[in-house]
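Taking it in order: structure first as structure tokens, then the write-up.
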Amino acid sequence: MTAPTTDQLPVVVIGAGPIGLATAAHLILRGIEPLVLEAGPSAGTAVRDWAHVRLFSPWAEVTDPAAEKLLAPTGWTRPDAATYPTGGDWAERYLQPLADLLGDKVRYGATVTGVARAGRDRIVDAGRDEQPFTVHLRTTVGREERITARAVIDASGTWSTPGPLGADGLPALHEKTATDRIAYRVPDLNDPAVRARYTGRRTAVVGSGASAFTTLALLADLAKEENGTHAVWILRRGIGTNTYGGGDADQLPARGALGLRAKAAVEAGHASTVTGFRTQAVEREGDQLVLVAEDGRRLDPIDEVIVLTGFRPDLSFLSELRLGLDERLQAPTALAPLIDPNVHSCGTVYPHGVNELSHPEQGIYLVGMKSYGRAPTFLALTGYEQARSITAALAGDQEAAERVELTLPDTGVCGGAGLFDEPENAQRSGGGCCAAPSTLQIGIGAPATASGGC
Ligand SMILES: Cc1cc2nc3c(=O)[nH]c(=O)nc-3n(C[C@H](O)[C@H](O)[C@H](O)COP(=O)(O)OP(=O)(O)OC[C@H]3O[C@@H](n4cnc5c(N)ncnc54)[C@H](O)[C@@H]3O)c2cc1C
């Protein structure tokens, strides 16, 4: 039997999240065979982890046009475009039907552990570009497999690698031995066990993004019902005009409202704020924890800590490939300047595609949440456009690959962790904030009023 030529091999997509599945849909419409490898047991495994969180984007902005095209003949209809799904809705009403339609093109319980050029480690040049990729995977029963791929599109997200409590980006002293009291996710207070964990307790919330806002709002709701429940909001920076996000000026009203709910929690006294606090260590004091800052400040003992300091990409299984990544954001080099929260507001995150997402190693792409590295501003809509452009390029349709079909509008106020880190800078307005949106044409039904999730 003759071995398949590289062009006949599947394109391996890592992850059956929103962007991985959309990528598979685009590949199918382009006549290219996808194989989606998903570590978890179902579509949207990461999204299901935050099933209880309501998206700040409506349905119109979280489904992909190619996926809709494939789904339409099955009788699937998009839920009301103007309503806001929870993570659970997103997974059950869109991602799983899409994955079911793809059938055996999606493999569950398949964790990718490595990607390399077949027979070539990172330093070998000879014949490199002509070689297919070898994708190493581990199944749920611990079996190891190798799959040969024409190209690899890594849509594995960043959900499994949350940022730590330590202000320097590394775990705080003793953080790893206090994980019985430290969580790294927005709590699901509808779960009785989780609710009991925070009821009547003092909980430190560390972080300054949408997840921190959501958590402060949830804990404030709990405090209204359960005496003694209190949040201590810990910020590396000071409280300034941008602290609570864009508010009413945010073109994603639901996201703007999150910041306003956090503000209300503080103003009502359900959450107190600690500013300019750079956590260095966590110490046990009886049954409680004490957070210690780099400047020696010690907070009053708290019962629980929720760390929401963002996510970072797991690049370990790509170490044999020649990636071009920005040293700060860990995003593709050409993309990083477009999404850098130190320079750009969410509104100036320009639509981008294969050109910005290419690496020195041809045929490997990071897409979706992972493509943004540590930048907190990724939106599903951006990922769908990435998928469209990359798959067009793989199909040899360079004109379509380079055409940008997305408008990214403005947010009210943005503040990247870098720009606003210093407490004394808290009053500064954002770099390039509220700049006019790009005016390119969007390729899906509703106008894309989405902007980055600062
Ligand atoms: C709480 C929350 C709310 C959000 N709200 C919005 C919103 O309102 N609007 C919006 O546009 N965006 C929102 N986002 C941002 C973004 O759209 C989502 O995070 C989205 O899920 C990203 O999709 P993804 O496919 O890139 O990654 P993910 O959804 O993280 O999917 C990655 C998949 O890869 C799998 N995987 C990971 N590692 C491996 C491996 N080694 N091998 C095989 N499989 C692997 C995972 O199990 C997972 O299923 C939100 C994000 C969060 C966390």
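If I compute solvent accessible area with a 1.4 Å probe over the protein chains, what percent of it on the chain is carbon and sulfur?
Its accessible area is 51 percent carbon and sulfur atoms.
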Cα-projected label distance for LEU29 with ASP104, points at 7 Å along beta-carbon direction, nm: 2.6 nm
Label-point separation, ARG78 to ASP300 (7 Å along Cα→Cβ), nm: 4.9 nm
Cβ-Cβ FRET estimate between THR86 and ARG195, R0 fixed at 25 Å, reported to 0.05: 0.90
Cα principal axis extents for the chain, largest first, Å: 71, 44, 40
Paramagnetic reach from THR113 (point 7 Å along Cα→Cβ, amide N under 19 Å) across region 27-55: 37-41
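Can you work out the FRET efficiency for the pair ASP287 and LYS224, with r the C-beta to C-beta distance and R0 = 35 Å, to the nearest 0.05?
Numbers: r = 25 Å, r/R0 = 0.72.
The computed FRET efficiency comes out at 0.90.
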Length-normalised contact order for the chain - Cα pairs under 8 Å, 6+ apart - percent: 17 percent
Charge tally in the Cβ shell below 12 Å around SER156, where Lys, Arg are +1 and Asp, Glu are -1, SER156 excluded: -2
For region 175-307, the spread of Cα positions along each principal axis, largest first, Å: 45, 37, 24
Helix runs (DSSP H) in the chain reaching 20 Å along axis by Cα, Kyte-Doolittle at least 0.0: 210-225, 253-267, 380-394
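Order the peptides 45-53, 129-137 from the highest to the lowest mean number of other Cβ atoms within 10 Å of their residues. Write down the numbers at each step before the final one.
Numbers: 45-53: 20.0, 129-137: 18.1.
The densest-packed peptide leads the list: 45-53, 129-137.
Keeping every protein chain present and rolling a 1.4 Å probe, give me the accessible area per residue for region 175-307 in Å².
Values: 5640 Å² over 133 residues.
Per residue, region 175-307 has an accessible area of 42 Å².
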Highest to lowest packing among 190-199, 365-374, scored as the average C-beta count within 10 Å: 365-374, 190-199
Approximate spin-label separation LEU170-THR148, in nm, with each point projected 7 Å along Cα-to-Cβ: 4.3 nm
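The values are calculated or read from the model by the stated rules, or taken from the named source; none is laboratory data. Predicted model only: the values in this text are computed from it and were never measured. All Cβ positions, glycine included, derive from the backbone under ideal geometry; neighbour counts span all protein chains shown. Note: accessible area is taken over every heavy atom of the protein model, side chains too, but ligands, DNA and RNA are not part of it. Shrake-Rupley method; radii C 1.70, N 1.55, O 1.52, S 1.80 Å.
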